[in-house]
Every structure is written in C-alpha cells, then in structure tokens.
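Here's the structure, in structure tokens; my notes come after.
The values are calculated or read from the model by the stated rules, or taken from the named source; none is laboratory data. Just so it is clear, the model here is predicted, and its values are computed rather than measured. All Cβ positions, even for glycine, are placed from backbone atoms using ideal geometry, and neighbour counts span all protein chains on display.
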Amino acid sequence: MKSYAIIFALITLFGFTSLASSQPIKIEAHKECPLCGMYPALYPKFNCQIVFKDGSYEAFDSAIGLLIYLFFPKKLGIQSKLVSKIYFKDYLKESWLEANNTFFVTGSEVMGPMGTEFLAIDSEQAASDLAKQEEGIDIIHFKKINQQYMINAAQAGWLHYLAEKMVLK
C-alpha cells in the first residue's frame, strides 16, 4: 500500500511540475537578464520570459533581448535548452501573452529599459492601432520573426544599441 502512495505522490509531483513549467513564472526581484544583467522585475511593462521544459526560466527586460537570446544562441555562447513556453507582456494591457498569440509593432521610437523596443500586443488589429499611435513601421507575428528579420531590424536601427551589437557582430 505504501508503494502505491509513493508512486501516486511521484506522479502527482511530476504532473504538477509539468503544469507549472507551462505557465508564466512570477519574475523574482533578484533574477537577472542573461544578456544585460539588469533586473527585469523592475520593468514589468516590458517583461518577457522563456520557460524551459526542466521548469527553469530566463527573464528579460526587453522583447528584443529575448528574441536575440532565442535566435542567436551560438553568437552569445548560450547552451540551448528545450523550451516549454515563451511569454511577452502585452504593451497596453500588461498581461501575459503566449508567444504564438503575439504580434509586435517594430520600428517605433518607444523606449523600454534598454532603449528602442518591440511592442508586444495581442491582435493584428490592436497592433495596427498601436503602430499608428506610436509611429511604428512594421507589424509582425512572433512566428514570422527569425534571424534574418532581426538582422534587418538591426540594420534599420529598430534595435537598441546592445542588441544591435549582438546581432551584427
């Protein structure tokens, strides 16, 4: 009987860990951005995070930083881990968005904690409205962003200084 209780406890624990890893994690005050060393918890409007399959996470104070981390790991000397979910903060609602439900307004002059920022938003219509309001140049869905898009954004001056250096080096 005790062995069944232990097995049930392990299954329950494993299931809970699996579930927890697929939700946004509250960014701890001491958590540093792996790219710049800043503390993302200080900038909740621009928070974003990658939650890994092992339950760990990385937090960023810039959507651009997360995208560089994701698309340029070799340039940064980052050991890739299996990703469970990616989340961005909706620029207007300040609620979490899953990456696959995220559009970005790029090329605006809105400044985040690192400088020029990609603005995460929950729909194409909201992105269109925000682009008009903030004089954004492009609207792109997360699934369409890749290395080449980030290189083009760096060349167009749409990335903050540190990000531009990382992408173009």
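Numbers for the structure displayed
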{"item": "Total residues in segment 110-154, condition within 26 Å of M38 (Cα to Cα), among the hydroxyl-bearing types (S, T, Y) and assigned to a helix (DSSP H, G or I)", "result": "1"}
{"item": "Any chance Y91 is buried (at least 19 other Cβ atoms within 10 Å of the Cβ), in a loop (DSSP other than H, G, I, E, B) and in contact (Cβ under 8 Å) with a residue 12 or more places away in the chain", "result": "yes"}
{"item": "Sole exception among (1) in contact with a Gly (Cβ under 7 Å, 6 or more places away or on another chain); (2) within 24 Å of P44 (Cβ to Cβ) for Q133, by number", "result": "(1)"}
{"item": "Residue satisfying condition, being surrounded by fewer than 21 Cβ atoms within 10 Å (Cβ to Cβ), part of a helix (DSSP H, G or I) and without any contact (Cβ under 8 Å) to a residue 60 or more places away in the chain, within set K31, K74", "result": "K74"}
{"item": "Scan of segment 131-169 for residues that are over 15 Å from G107 (Cα atoms), among the charged types (D, E, K, R) and at pLDDT below 95, ordered by number", "result": "K165, K169"}
{"item": "Test: residue in segment 85-94 that is at pLDDT 95 or above, touching a Gly at 6+ places or on another chain (Cβ under 7 Å) and of a type in the set (A, V, I, L, M)", "result": "no"}
{"item": "Unique residue being farther than 17 Å from I145 by Cβ and buried (at least 18 other Cβ atoms within 10 Å of the Cβ) when the list is S84, S108", "result": "S84"}
{"item": "Tally of residues being crowded, with 19+ Cβ neighbours inside 10 Å and either at pLDDT below 95 or under 14 Å from Y161 (Cα atoms) (or both) across segment 114-127", "result": "4"}
{"item": "In segment 48-95, the residues that are aliphatic (A, V, I, L, M) and within 18 Å of H160 (Cα to Cα)", "result": "A59, A63, I64, L66, L67, I68, L70, L76"}
